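Visitor: My questions all concern the structure below.
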Amino acid sequence: MAIRIDIPATTPGRTITAVTSMLWEDLVNSPIKEGSGGGEFINKRKIQYAEKMIRSAFVELYKGLGLLKTYSSLNMVAFSKILKKFDKVSCQQTSTNYLKEVKRSHFVSSDKVVRLMDEVESIFTKHFANNDRKKAMKFLRPQQQKASHMVTFLVGLCTGSFVSMFCIYALLAHLCGIFSPSTEPTYMDSVYPVFSVFALFSLHLFMYGCNLYMWKGTRINHNFIFEFSPSTALKHRDAFLMCTTFMTTVVGAMVIHLVLRSAAFSPNQVDVIPGILLLCFIGLLICPFDIFYRPTRFCFIRVLRNIVCSPFYKVLLVDFFMADQLTSQIPLLRHLETTSCHIFARAFRTHHPLYCNSGRPYVELTYIISFLPYYWRALQCARRWFDDGDVNHLLNMGKYVSAMVAAGARVTYSRQDNHLWFAIVLLTSMLATLYQLYWDFVKDWGLLNPSSKNPWLRDDLILKNKTIYYISMALNVVLRVAWVETIMHLRVGPVQTRLLDFLLASLEVIRRGHWNFYRLENEHLNNVGHFRAVKAVPLPFREIDSDS
């Protein structure tokens with residue numbers, strides 16, 4: 001059913017009344033016509049979705065009116081300070097007379113904004129909060145949660161516990177000879193992957209916490225950019241708490257695992273610990289109870305769903321931002337696949353665990369996992385081009401296609417070590433890296449502008465020290481070419497190879513966290529330049545003029 005409503009182009013108050021009337025009369029109070037061919041049928045889900053859209057529109061309207069009111073008061077304060085400065089410099093007392101004229105001006109004397117805010121409050125309270133004003137104000141004026149000293153204390157406690165347990169683990173590993181060249185490969189094949197998954201994930205959380213701290217310190221409005229609710233959005237202390245909690249738990253499990261191995265327990269029994277840890281983590285992630293940051297966990301799951309089903313969902317900034325994070329976590333996804341294979345091998349005894357590292361399905365899955373994050377990101381670019389018609393999205397998709405080709409060539413070269421594949425890897429990786437560097441600096445960061453007043457940067461910079469931008473660009477180049485190590489085939493032992501791979505994966509995570517700050521800085525400056533402070537909410541009807 002195509003819902004239409006005539007909105008008179010007069011006052012916002014009449015528009016609000018028309019919107020509310022449409023929602024509750026046309027959708028809720030109208031009887032459902034049976035046997036009308038399905039076109040006149042409005043199900044409950046559509047009504048709830050339309051109500052949610054209208055409620056969001058009211059919240060954004062109220063927020064915009066609040067910003068307009070603040071803008072008026074700030075201008076009044078600015079006039080008073082300017083006139084006081086004028087009196088001080090000119091040694092005259094003219095500010096009083098000028099301020100009388102300013103106070104009589106329309107932007108100060110008018111109470112239209114206040115009346116509109118009161119009208120929005122009353123309508124929202126009546127139709128969306130069951131006449132409960134306190135409940136309505138939780139939507140219209142969401143309050144940010146105050147930072148708790150308990151969170152800071154727990155971060156310090158977990159950090160100290162992690163450092164202590166890691167020292168114990170390093171000592172036990174040395175005594176057990178885990179990292180010696182002569183040790184059996186079982187530990188590194190079955191236990192190392194799951195622990196590296198948690199380590200890389202925790203490192204990414206730590207980098208995100210650093211990003212949150214820097215965004216807050218530089219007043220980058222990340223909650224508005226990501227469309228997060230200020231009342232439930234993650235803060236940097238929360239991110240650090242999650243990171244340290246995970247690492248303390250993981251290193252504690254690693255210590256218990258080594259102690260049981262040294263106590264002559266059966267490896268088949270002891271090696272179950274990493275699998276149990278992974279299953280507990282998945283259970284916590286999907287836990288429906290309101291514990292351990294449920295809004296953040298469910299938002300994470302929802303964004304992952306949007307990424308996996310990229311062509312079928314409208315792509316928001318938080319969706320492609322998270323997909324970019326996944327392109328830096330391909331080693332984590334590979335280790336997760338290996339860990340799952342080992343869990344199934346031990347639980348169902350379908351195959352030998354060593355098959356997970358050398359079997360043909362494993363090789364094919366390595367290709368798939370290496371392609372998937374880039375494939376999802378390319379589909380997002382295609383969907384954005386379909387929605388917006390901007391050719392830049394197609395060019396961005398070409399960047400991820402080149403990355404897919406380079407990743408496939410590197411995986412093939414690791415199994416077919418010859419001069420032909422070495423040349424293919426070198427060519428494809430260099431082209432993909434140049435493509436990525438150009439997009440990083442010019443498109444995502446907005447830098448390398450030759451006509452900028454800041455040489456080869458951009459006109460507007462948030463950080464005062466310009467040298468930081470040049471150092472960041474150089475660091476990004478160095479970390480982007482870390483793939484060179486993968487084609488060198490250094491002659492080291494299997495343990496050292498695993499550790500070197502983990503180091504390179506960690507450097508890529510650090511590079512992504514470094515990229516995140518400048519990417520959101522550029523987005524914030526674009527929003528400021530276009531005066532975007534509230535988001536546009538689509539409404540479930542088409543606006544037409546009353547005289548048409």
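Visitor: Trypsin sites (Lys or Arg not before Pro) within segment 119-180: which are DSSP loop residues with at most 11 other Cβ atoms inside 10 Å?
Guide: Numbers: sites: Lys126, Arg133, Lys134, Lys135, Lys138, Lys146; in loops: Lys146.
Within segment 119-180, the qualifying trypsin sites (Lys or Arg not before Pro) (loop, at most 11 other Cβ atoms within 10 Å) are Lys146.
Visitor: Here's a follow-up. If one takes the longest principal axis of the Cα atoms in the chain, at what angle in degrees, from 0 to 90 and to the nearest 10, does the Cα axis of helix 236-262 lie?
Guide: For 236-262 against the chain, the angle is about 20 degrees.
Visitor: Among the listed pairs Lys399/Lys535; Lys63/Lys100; Lys84/Lys453; Lys81/Lys103, which are separated by more than 25 Å between their Cα atoms? Could you put the intermediate results ahead of the total?
Guide: Numbers: Lys399/Lys535 29 Å; Lys63/Lys100 30 Å; Lys84/Lys453 33 Å; Lys81/Lys103 14 Å.
Those over the limit are Lys399/Lys535; Lys63/Lys100; Lys84/Lys453.
Visitor: I would also like to ask the following. Ranked highest first by the average count of other Cβ atoms within 10 Å around their residues, in what order do 512-519, 380-387, 239-246, 281-288 fall?
Guide: Working: 512-519: 20.9, 380-387: 18.5, 239-246: 22.9, 281-288: 11.2.
The packing order, highest mean first, is 239-246, 512-519, 380-387, 281-288.
Visitor: Pairs to check: Lys135/Lys235; Lys44/Lys443; Lys314/Lys464. Give those whose C-alpha atoms are more than 31 Å from each other in this structure. Could the numbers behind the result be given before it?
Guide: On the way: Lys135/Lys235 24 Å; Lys44/Lys443 43 Å; Lys314/Lys464 36 Å.
Going by Cα-Cα distance, Lys44/Lys443; Lys314/Lys464 fall outside the 31 Å limit.
Visitor: Another question, then. In a shell of Cβ-Cβ distance under 14 Å around Cys158, excluding Cys158 itself, what net charge do Lys and Arg (+1) and Asp and Glu (-1) give? Working shown, then result.
Guide: Numbers: positive: Arg237; negative: Asp238.
That works out to 0.
Visitor: Over the alpha carbons of segment 149-529, what is the largest minus smallest coordinate on each principal axis, giving the biggest first in Å?
Guide: Sorted from largest, the Cα extents of segment 149-529 read 68, 60, 42 Å.
Visitor: Right, something else. Got the relative contact order for segment 386-454 handy, in percent, Cα pairs under 8 Å and 6 or more residues apart? Please list the in-between numbers first.
Guide: Working: 28 pairs, mean separation 20.2, N = 69.
Normalised by residue count, the contact order of segment 386-454 is 29 percent.
Visitor: Under the definition of Cα pairs under 8 Å and six or more residues apart, what whole-number percent is the relative contact order of the chain?
Guide: Working: 494 pairs, mean separation 109.6, N = 548.
20 percent.
Visitor: Cβ neighbours within 10 Å, averaged per peptide: list 269-277, 306-314, 319-327 in order, most packed at the top. Can you show the working numbers first?
Guide: Numbers: 269-277: 18.1, 306-314: 14.9, 319-327: 19.9.
Answer by packing, highest mean first, reads 319-327, 269-277, 306-314.
Every read-out reported here was derived from the displayed coordinates using simple, explicitly stated rules and does not represent laboratory data. All values reported here derive from a predicted model rather than from experimental measurement. Virtual Cβ from ideal backbone geometry, glycine too; neighbours counted across all protein chains shown.
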